[in-house]
Amino acid sequence: MMMLVYIIIGVGCLALVVAFIRHQQKLSLRARLMQEAIRNRDFMFRLSTKGLPPGERDMQEALNQLGNTIRQQINQNEVEAWERLTRVLTHEIMNATAPIASISQSLLQRNDVKGTALEEGIHAIYTTSLHLNNFVDSYRKFSQLQKPVLKDYLLTDLTSPLPPLYPTVNWQISIAPHLLVHADSSMMQQILINLTKNAIEAGASSMGITARETDNAVIISVSNNGQPIAADARCSIFVPFFTTKRTGNGIGLSLCRRMMIQQNGSLELAERPLSPFHTTFILTLAKIEN
């Protein structure tokens, strides 16, 4: 009888040891996965907390949130760096082009220039300097955004103007009617319009908007079936001055990201688009505390 008790105790202890070892192996795997994500600058990682003890569950949630915090801080630092560079560049370029435009305009008014071979060349200089001035002025506006006015809005109220504005697009909007976001309505609508215009310019005929809540955020997915973004451009699409369009000025997406950051949010390009779309942007806003 005692031997049977000892066997049961031994088996129980062995089972506990095996369970403990397996649990430690799972924790080690979690650590390696997070290290790999950080090494690849993938700060959108989230590992499941299902089945974890309360303490480990809280720790995993904190690590999941840490990745989001790191991503937001990196985006904030990048935007601030581009703002400083933009201010310097716009100041220097405007100082250089303003006298060129003024002098060339004056020369075009002279009688000894009108109708001569010089007129065409001077006119080209004048129009080019004006184009450059307008180009630089758009970046000056980029660094002069007004501070957002954050209020509580139903997300459906922010997305409802889109279908009437773009009636030729097939809209698939799935948002809970009670879902609130803490945001600046003008900025959010401008962001959604910019993303829609970019999608249409990329040949999109269908757009999808979905939203979900997490413990501390509202995550909005804006998808389209336009031409996918090339792999070599994915890392640069939020950089000011960068554009893949012949007529683009490279300010749209960088401005959208800056407006999201000003609302304590973020804007990212999803690694994998939502089906059946080709491109998905992820907008994240802090969840309203009740």
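The values are calculated or read from the model by the stated rules, or taken from the named source; none is laboratory data. Source: prediction; values computed, not measured. Cβ placement follows ideal geometry from the backbone for every residue including glycine, while neighbour counts extend to all protein chains displayed. Note: areas computed on protein heavy atoms with side chains; ligands, DNA, RNA excluded. Shrake-Rupley method; radii C 1.70, N 1.55, O 1.52, S 1.80 Å.
The number of residues in region 271-287 that are of a type outside the set (S, T, N, Q) and not in a strand (DSSP E or B) comes to 8.
For region 98-133, taking the residues that are on the phi < 0 side of the Ramachandran plot and part of a loop (DSSP other than H, G, I, E, B), the one that is surrounded by the most Cβ atoms within 10 Å (Cβ to Cβ) is identified as Val113. When region 234-276 is filtered for residues that are hydrophobic (A, V, I, L, M, F, W, C) and at pLDDT below 85, the ones remaining, listed by number, are Cys235, Phe238, Val239, Phe241, Phe242, Ile251, Leu255.
Within region 258-283, if we keep just the residues that are among the small types (Gly, Ala, Ser) and farther than 19 Å from Ile173 by Cα, the residue that is surrounded by the fewest Cβ atoms within 10 Å (Cβ to Cβ) turns out to be Ser266.
Filtered by the rule that a residue be open to solvent by 20 Å² or more (accessible area, probe 1.4 Å) and of a type in the set (Val, Ile, Thr), region 180-195 gives a lone residue, Ile193. Taken over region 159-195, the criterion of being among the aliphatic types (A, V, I, L, M), under 17 Å from the mean Cα position of the chain (by Cα) and part of a helix (DSSP H, G or I) is satisfied by Met187, Met188, Ile191, Leu192, Ile193, Leu195. Scanning region 196-212 for residues that are outside any strand (DSSP E or B), open to solvent by 10 Å² or more (accessible area, probe 1.4 Å) and not basic (Lys, Arg) returns Asn198, Ile200, Glu201, Ala202, Gly203, Ala204, Ser205.
Only residues that are touching a Ser or Thr at 6+ places or on another chain (Cβ under 8 Å), among the hydrophobic types (A, V, I, L, M, F, W, C) and at pLDDT below 75 were counted across region 84-122, and they come to 0. Pairing each residue of region 171-197 that is closer than 15 Å to Thr210 by Cα with any residue that is in a loop (DSSP other than H, G, I, E, B) and of a type outside the set (Gly, Ala, Ser), provided the two are 6+ apart or on different chains, yields C-beta distances under 6 Å for Leu180/Ile288; Thr196/Tyr166.
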